[in-house]
Structures are given as structure tokens and as C-alpha cells.
Amino acid sequence: MIGPDVAGIAEKLGAAADTATAIPQLAVETGLDVDAAYAVQTALVQRRLDRGERLVGLKMGLTSKAKMAQVGVDEVIWGRLTDVMRVPDGGGVDVGDFIHPRVEPEVAFLLDRLPDPGEPVGSFTRAVRAVAPAIELIDSRYANFTFSLPDVIADNTSAAAFVVGPWSPVPDGLENLGVLLEIDGRVAQVGSTAAILGDPRRALDEGLRLAGRHGVRLRKGWVFLAGAATAAVPLRPGAHVRATVEKIGSASLKALP
Ligand code: OOG
Ligand code: MG
């Protein structure tokens, strides 16, 4: 049997992102399984690298029950971040550049010395130099923000943009810090870093393990998003978004009017 058309599917997803136009889900019709979906993701990100973007990190997805429940997919996934997706802290985005953007509060790790492939993280404090509050802007390329597991993997796990706040040393009690998402000064979501796999450090173990399976090595200097602790919230034009993580600080983002 002929396998799915990896390059063709990546092109469709890339064009959907470039033109901010939703497309129907495609995994069932094209026979995409998880492995083929990661191959599509690789081709989709390569399309960005071919036009000059640089890989700057890795993001985890669906590491909390709140997120799994919101999208109806219950497996941990990972995707790639490029320099063009990064928005400066306090910076603005144009909602019109996206299909149906949502924002979610995240914890970011600044990667330092990483173990060799196949090895456990071992010492988190050696692998992670600093932590920061972050906001991820996700934008599924599928209509109605609805997808299956292989669909969302192929779509680079809905990655669209991200903001990283000020870095600080890893605080005590990282496994249970309050997380807040505010829109226009009003609380939109409340959670705890404990929602992220019981301890966000575990997200790094999972990232190393899962990305390692596909031959992807994390790099020193990369940003690592551990996955949202709460459900995501639609981003409306003119909204001011702030994510705060207790003991770490805040990151913010404006949507242009
Ligand atoms: C998939 C990406 C999930 C997270 O932090 O859980 C994710 C989606 O919800 O569209 O980034
Ligand atoms: Mg996320």
C-alpha cells in the first residue's frame, strides 16, 4: 500500500496557516497515523526553515487534563517553535493573521546541558538554566478547532506564536505554583503548575523521550514550553493578555484593535 502523501499534506497545512484559512481535518481520509503525522510536522516546519526561519525550541501539548478535556484528545504531544513565532514580552499580534487564535498560560524552561539521547534528564537543575512565565497563542488550522490526535500532530500541535516573560532561576516548589490568565485585567483561567503532568519537570522528561523517538534532539539555548496548565481562551481584537506564574512573574501580549 502507498503511504500518505506527507509532502502534500504539509503543503496544505502550511498554506492554511499562511492564508489564515481553516481546512477540514485530513487524517482519516489520508490514513495518517501518529508516526506519519510527525513526518508531516517535520515537513511543515521544514517549509518554514526553507524560507529562513530558525528552530528555537520545543513545545509540549496536552500535558494537563484541562487541555485534554478542552480538545478531546488525551495523549501528550510535542511540536516545534521557530524564531518568527516569538513575540516580544508586551508585544502585539494581529488577530487577522490567524484563523481562530486562543491564548493559554505556560511555563517556559531555558535549556542548558541536556542528557544524551535515551538518557533520563537526571538533574533538572543542570538541564534547565532558568524558568519564565509564558503565553502560547495556538491556532488550529482545522475548522472549528476540532481535530484527532494525528491531525493535531501534523499541524505542529497548533503552534502559532508565543511570548516568554523575564527569565529567573528555578524557584523552590516549581511543582505547585499558582497560574493565572487575565484578559483585560479580569481573571479568565486559574490553575497550578501541578496540573502539568503533576510536575512541569516531567514535561521535559516526556519531551526528551517523545521527540527522541523521532530523532529530534533538544538544544542548549532552546525555549521549552511545558504545556498549558489551564484551558485556552479565544483571543479577541484589542485584548490585553497577561499570564502570571507565582514566584516567577508575568508575560503579556496585546491583540491589535
Ligand atoms: C493543541 C496544542 C496543545 C498545550 O499547551 O496543551 C498545547 C491544541 O490545544 O490546539 O499547546
Ligand atoms: Mg500550549
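Put simply, of Thr82, Thr125, Thr42 the only residue that is among the β-branched types (Val, Ile, Thr), at pLDDT 95 or above and more than 16 Å from ligand 1 (Cβ to nearest atom) is Thr42. When restricted to residues that are touching a helix residue (DSSP H, G or I) at 6+ places or on another chain (Cβ under 8 Å), under 23 Å from Arg47 (Cα atoms) and among the aliphatic types (A, V, I, L, M), region 76-110 contains 3.
Just one of the numbered conditions (1) in contact with a Leu (Cβ under 7 Å, 6 or more places away or on another chain); (2) at negative phi; (3) in contact (Cβ under 8 Å) with a residue 24 or more places away in the chain is not true of Lys247: (2).
A count restricted to region 121-156 and to residues that are out of contact with any helix residue (DSSP H, G or I) (no Cβ under 8 Å at 6 or more places or on another chain) and either open to solvent by less than 20 Å² (accessible area, probe 1.4 Å) or within 11 Å of ligand 2 (Cβ to nearest atom) (or both) stands at 7.
Say whether the condition of being in contact with a His (Cβ under 6 Å, 6 or more places away or on another chain) and open to solvent by less than 50 Å² (accessible area, probe 1.4 Å) is met by at least one residue in region 37-50. Checked region 37-50: at least one residue is in contact with a His (Cβ under 6 Å, 6 or more places away or on another chain) and open to solvent by less than 50 Å² (accessible area, probe 1.4 Å).
The single condition among (1) within 14 Å of ligand 1 (Cβ to nearest atom); (2) surrounded by fewer than 16 Cβ atoms within 10 Å (Cβ to Cβ) that Val73 does not satisfy is (2). In region 208-226, which residue that is basic (Lys, Arg) and in a loop (DSSP other than H, G, I, E, B) is least open to solvent (accessible area, probe 1.4 Å)? The qualifying residue least open to solvent (accessible area, probe 1.4 Å) is Arg217. Close Cβ contacts (under 8 Å, 6 or more residues apart or on different chains) running from residues in region 215-226 that are within 18 Å of Tyr38 (Cα to Cα) and among the charged types (D, E, K, R) to residues that are within 12 Å of ligand 2 (Cβ to nearest atom) and assigned to a loop (DSSP other than H, G, I, E, B) are absent. Helices (runs of 4 or more DSSP H) fully within region 15-71 that include at least 1 residues being among the charged types (D, E, K, R) and in contact with an Asp or Glu (Cβ under 8 Å, 6 or more places away or on another chain): 34-50, 65-71.
The values are calculated or read from the model by the stated rules, or taken from the named source; none is laboratory data. The structure presented is a predicted model; accordingly, all values stated were derived computationally and were not measured. In this analysis, Cβ positions are derived from the backbone assuming ideal geometry, glycine residues included, and neighbour counts consider all displayed protein chains. Areas reflect the complete protein model, heavy atoms only, side chains present, ligands, DNA and RNA absent. Shrake-Rupley method; radii C 1.70, N 1.55, O 1.52, S 1.80 Å.
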